[in-house]
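*Asks:* Got a structure for you, questions after.
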């Protein structure tokens, strides 16, 4: 099938002229299919558009029966057109009717055509429709012809993206690009946020698609490729990255792809077909995204992600924009959408205007999730391809409790969520009224409700919630959001500010809990087969005593004249605690010798996260002043489940008999030994789980600020003795690993306890 004189470049120029004509959407589309058919020397050219309900509808044709326009439809996967839409891949056939997916539509009159070439209309990897040419003869389409039609399809996709064809679609569905989208991800931070999309890394919008001078565009592309390669080389050779394994590997992968000949060839071919350099990059990027969205192999998905990131760097170079994101001009009711973010980047945004956060990556225990909860921002993670599904300014709703996102919601959905937000605000007002009510059960059991914190922005929640103190202050967050290791004086300044903000309330500081998934960007990464069970937390502190000593000295100085509580994370043996305690005693003696004011009272404790401590309870309770259970890690290690692995993370219930028996062992021994025991893991902040913990004998719980109100409302209606009797009876007779959740729910319901 030879193309008409002038080839794809002439076609693109004429397309640009038609785009500029002051005609209606249908007239413009009709002219376009006539032009494409003539240029491709085809008897038929048809455009199918994906509607909001997932159905492909014939919007324009040259060669088929005109009466079929807006009448012929097919589902994704149905027929050859549906096959192209579902695979996002071109399809060239010399005899279409012999293909097993061929679907005959009698109203079109296409039975006389044999050769078939169809390409998807792609934008940011999303299929918006299908462009088809057909010929009567049995013939083979060349690679050049497929490339030419794909280039044309990109221009048509931008026409669709402009919204011009929206008026031609059925009122009840619209076209796919602007359709409402409901997606399920993973809940990161509770709350409901209604607002408008702000892309953390705004996508480059390519407005100039058609090249005036192909040679000049090729030159621009080569120049941008060279600049990106040079910038990556410079990053790799920089002193702070050169020897850091994980970060260097990422950049080495980038460098490898920047020299990938297949990727470069496809972009050069797209420019040669008549596109500008940036349009060519976007076209190849969109093809890669479409493949990535349909790829199940995690390794290949990650490699395609790398190509996507590299294409973004190229686009920013070509349009002269920096990759650094501005945070100063945040609109009201902003919902931040990003592939991934660090906690420092989130803290740069104006909190008063931020209503939610949506991430393609990031699980419930990620650092960004911890910061989002601290800021009280509803957040959802693991939301696949959300940066491509959204446009700057799109209406969006984030349901942080359900882990759901509504993109471009319909009015009734928006109204329902607005009502949900109002009800939530009303409940928060009711919880606020409980702020000064003592946390005492109906049968007179006092429960100490404290906050988990890690940043200064957490501290105002103490007064807002009426919490009795900070049961867990994660000191590593200061290290994670810094560009370099915080000095001893910087650490002391933070701890002093925490004490000042807490006023007379107690604060329990956890020493640096890094390693595993918490890699500091300025520290050399250690390659480990299983980082969660590797060199982390107190193990690093004892092996690198200078790091732990500097932190302990900063804490002791900051607490001068005040009570201080320090606990050590990931302790597996009594000996580790003894060594850490000795280090603290040496630092206290050093400060005393030099005349520094010391804490008025010093208590040292352990985080009980490693199951081995369950078999040293008597000994550790005799040595430590208190024990704080990190239920997230304890459960992870007890059941041998990776809490970041979605296949197994929800397989075991924290209210199962094995977990409750382990917790009861701790509560009973702590009571017998006179050693205070508290819970600072996530289960302490969920009303039903908190009810069970009180039944087990725990009288101190630490949780996120948002959980204080619901947990207090629960315990004010609870008879602690009743739930204690129930749990004791059930644990005595429970067989295997069954969960007590249904029985606890029935207990709460029958006693009018809000959980």
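The values are calculated or read from the model by the stated rules, or taken from the named source; none is laboratory data. Everything numeric in this text was worked out from a predicted model, so none of it was measured. All Cβ positions, glycine included, derive from the backbone under ideal geometry; neighbour counts span all protein chains shown.
*Asks:* Scan 171, 197, 204 and give me the residue that is modelled with pLDDT of 90 or more and either within 22 Å of residue 308 (Cα to Cα) or not in a strand (DSSP E or B) (or both).
*Replies:* Checking each option against the conditions leaves just 197.
*Asks:* Residues 652, 568: which one is crowded, with 19+ Cβ neighbours inside 10 Å and touching a strand residue (DSSP E or B) at 6+ places or on another chain (Cβ under 9 Å)?
*Replies:* 568 is the lone residue from the list that is crowded, with 19+ Cβ neighbours inside 10 Å and touching a strand residue (DSSP E or B) at 6+ places or on another chain (Cβ under 9 Å).
*Asks:* Counting only residues that are in a loop (DSSP other than H, G, I, E, B), modelled with pLDDT of 95 or more and either within 27 Å of the chain's Cα centre (by Cα) or under 28 Å from residue 587 (Cα atoms) (or both), how many does segment 440-494 have?
*Replies:* Here the count works out to 1.
*Asks:* Only one residue in 133, 198 is touching a residue at least 60 places away in the same chain (Cβ under 8 Å), buried (at least 23 other Cβ atoms within 10 Å of the Cβ) and in the same structural domain as residue 78 (by TED's automatic domain parsing). Which one?
*Replies:* 133
*Asks:* Restrict the check to segment 536-548 and report whether at least one residue is farther than 20 Å from residue 620 by Cβ and in contact with a strand residue (DSSP E or B) (Cβ under 9 Å, 6 or more places away or on another chain).
*Replies:* Scanning segment 536-548, I find at least one residue that is farther than 20 Å from residue 620 by Cβ and in contact with a strand residue (DSSP E or B) (Cβ under 9 Å, 6 or more places away or on another chain), so the answer is yes.
*Asks:* Would you check if there is a residue in segment 401-414 being within 30 Å of residue 515 (Cβ to Cβ) and outside the structural domain of residue 520 (by TED's automatic domain parsing)? So that I can check it myself, show each step before the final result.
*Replies:* Of segment 401-414, the ones within 30 Å of residue 515 (Cβ to Cβ) are 403.
Within this subset, residues satisfying the condition of being outside the structural domain of residue 520 (by TED's automatic domain parsing) are 403.
Looking through segment 401-414, at least one residue is within 30 Å of residue 515 (Cβ to Cβ) and outside the structural domain of residue 520 (by TED's automatic domain parsing).
*Asks:* Something else: Within segment 225-262, take every residue that is in a loop (DSSP other than H, G, I, E, B) and farther than 13 Å from residue 307 by Cα and give me the one that is modelled with the highest pLDDT.
*Replies:* The qualifying residue modelled with the highest pLDDT is 238.
*Asks:* Does segment 51-75 hold any residues that are out of contact with any helix residue (DSSP H, G or I) (no Cβ under 8 Å at 6 or more places or on another chain) and in a strand (DSSP E or B), and which are they?
*Replies:* 55, 57, 73 - these are the residues of segment 51-75 that are out of contact with any helix residue (DSSP H, G or I) (no Cβ under 8 Å at 6 or more places or on another chain) and in a strand (DSSP E or B).
*Asks:* Quick one: count up the residues across segment 571-586 that are farther than 15 Å from residue 540 by Cα and surrounded by 20 or more Cβ atoms within 10 Å (Cβ to Cβ).
*Replies:* 1
*Asks:* Working carefully through the options 147, 110, find the one that is out of contact with any strand residue (DSSP E or B) (no Cβ under 9 Å at 6 or more places or on another chain), touching a residue at least 60 places away in the same chain (Cβ under 8 Å) and crowded, with 16+ Cβ neighbours inside 10 Å. Explain how you work it out, then say what you get.
*Replies:* Values: 110 fails: out of contact with any strand residue (DSSP E or B) (no Cβ under 9 Å at 6 or more places or on another chain).
None of the others qualify; the one that does is 147.
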